[in-house]
Amino acid sequence: MIRHKLMRAVAFLLVLLGTSAFALPPATQSNKLPSDSIYQLNLHLVDQGGKAFELRSLRGEPVFIAMFYASCKYTCPLIIEEIKRTVQALDEADRNRVRVLLVSFDPARDTPAALTAVSVEHHVNLAHWTLARTDPTGVRKLAAILGVQYRAMTNGDFNHSTMITLLDQEGRIAAKSDKTSALDSELIAAVGRTLAGQNP
Amino acid sequence: MPWLRLLGNLWLVLAIGAGHAVAADYKQIAGGHFASVLPADEKAADMQVAPYELRVTPVSNAEFLAFVTKSTEWQRDRIARVFADAQYLSHWITSDGIDRAQRDQPVTHVSWFAAQAFCESEGARLPTWLEWEFAAAADTARKDARADPAWREQILSWYSRPSNSALAAVGGPANVYGIRDLHGLVWEWVDDFNALLVSTDSRDQNDPDRLKFCGAGAMSLRDLNNYAVLMRIAMLSSLKAADTTANVGFRCTKIGAGEKS
């Protein structure tokens, strides 16, 4: 009886969810931000040096963006190393143009000092990399726009999906990768496509 | 000029006037220990719910219309695609006009981003899952009616009702807190919809190179017999923040001093 009800409920659920539509508008190069750019989001960030900046200030070059937190012992270091490897695998000209932005899930603990410590530990080049924090609402919105799931645990850890997202020069999602222990050739190819798209 | 458009549509002016005259009604909920189906420590620990104020009814079409009339960037023909899919507010007659019969129905075809923006305009935010679940555990007489088979059966019978019939107006029977329509009308966005089901295992079984989730522990659901609540979690978890559907609406939460993130 209950099983029957559940099956009906599940069927209803499937109908409910079967109605999503998605269309990608063609690339434009006007000054107006594309409608599907994540730079539409008003997101105030503070970098590892304590300097405030807006997410959309990254417009203009391709950006690898990922979320992490400083006290993370497991996949977060892998995410950072994976981005380093991917950037290293690019041609030198491309490598110099790509930016990397890591945003913390953990605004309560990830102060600029904590972010700086991570950048030192992983020897990241701060000319191209930014480690940043935002407020709790900003974290939720950025995760939502990137499709990252995360959940705070009582012990101070976060369970979160690992995701490296490549944004094109206009802030549109060009590629996503959830690989953290093998070089994702698709991500590298996407950088090439993105840069080629701007300079035909 | 939004004003000129409104003047051409008298009932619309009346609807918005009424919306302004009566500020949205919120009720205080004291909070307390709560056995959420999503336990805090992934095992069995009770959650502590801080005091909060919950909107009595879901946001109606008329209320959402008043919002987009002021905040025009949230109108369906202006909204950035990254914030809402193509079905956003597709049930309205025009980008700033609704049918009279829709006025008091709960607004649906709204994305998480749009719901969040509406709540911010009321000095509020979307409730967390825990806040929603806490209030929704009640029935008309008890703060926690979840163990009652009749409570579950009533919700499941709503789930199995066909979704092509017109939505009722907001303002159904009040629960013990004075909150209405938590069950039986629409599904509702919560602030942390993308935090509910994060992994049952940190590794994809088929590909050891793919670590999809970070975190040592597996998320485990408690009270697996409670389909009524678990289905809602499954539904919310399957949504993306820009998705809109004909059955998902929202309400808002206000928090007093001492809000923690």
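The values are calculated or read from the model by the stated rules, or taken from the named source; none is laboratory data. This one's a predicted model, so the numbers in the text were calculated from it and none came from an experiment. In this analysis, Cβ positions are derived from the backbone assuming ideal geometry, glycine residues included, and neighbour counts consider all displayed protein chains.
Observations on the structure shown:
- Within the option set A:ILE164, A:ILE145, A:ILE173, being more than 20 Å from A:SER71 (Cα to Cα) and crowded, with 21+ Cβ neighbours inside 10 Å holds for one residue only, A:ILE145.
- Tally of residues being more than 13 Å from chain B (Cβ to nearest Cβ), in a loop (DSSP other than H, G, I, E, B) and touching a residue at least 40 places away in the same chain (Cβ under 8 Å) across the range A:118-167: 4
- Within the range B:163-207, the set of residues being modelled with pLDDT of 85 or more and acidic (Asp, Glu) comprises B:ASP181, B:GLU188, B:ASP191, B:ASP192.
- Sole residue being at pLDDT below 95 and among the small types (Gly, Ala, Ser), chosen from B:SER60, B:SER71, B:SER111, B:SER95: B:SER95
- Residue within the range A:94-105 that is free of Cβ contacts under 8 Å to residues at least 12 places away in the same chain, within 25 Å of A:HIS160 (Cα to Cα) and part of a loop (DSSP other than H, G, I, E, B) present: no
- Top-ranked residue of the range B:104-132 - restricted to ones that are among the small types (Gly, Ala, Ser) and not in a loop (DSSP other than H, G, I, E, B), ranked as nearest to the chain's Cα centre (by Cα): B:ALA115
- Qualifying residue in the range A:178-187 (condition: assigned to a loop (DSSP other than H, G, I, E, B), within 14 Å of chain B (Cβ to nearest Cβ), out of contact with any helix residue (DSSP H, G or I) (no Cβ under 9 Å at 6 or more places or on another chain) and under 22 Å from A:GLN88 (Cβ atoms)): yes
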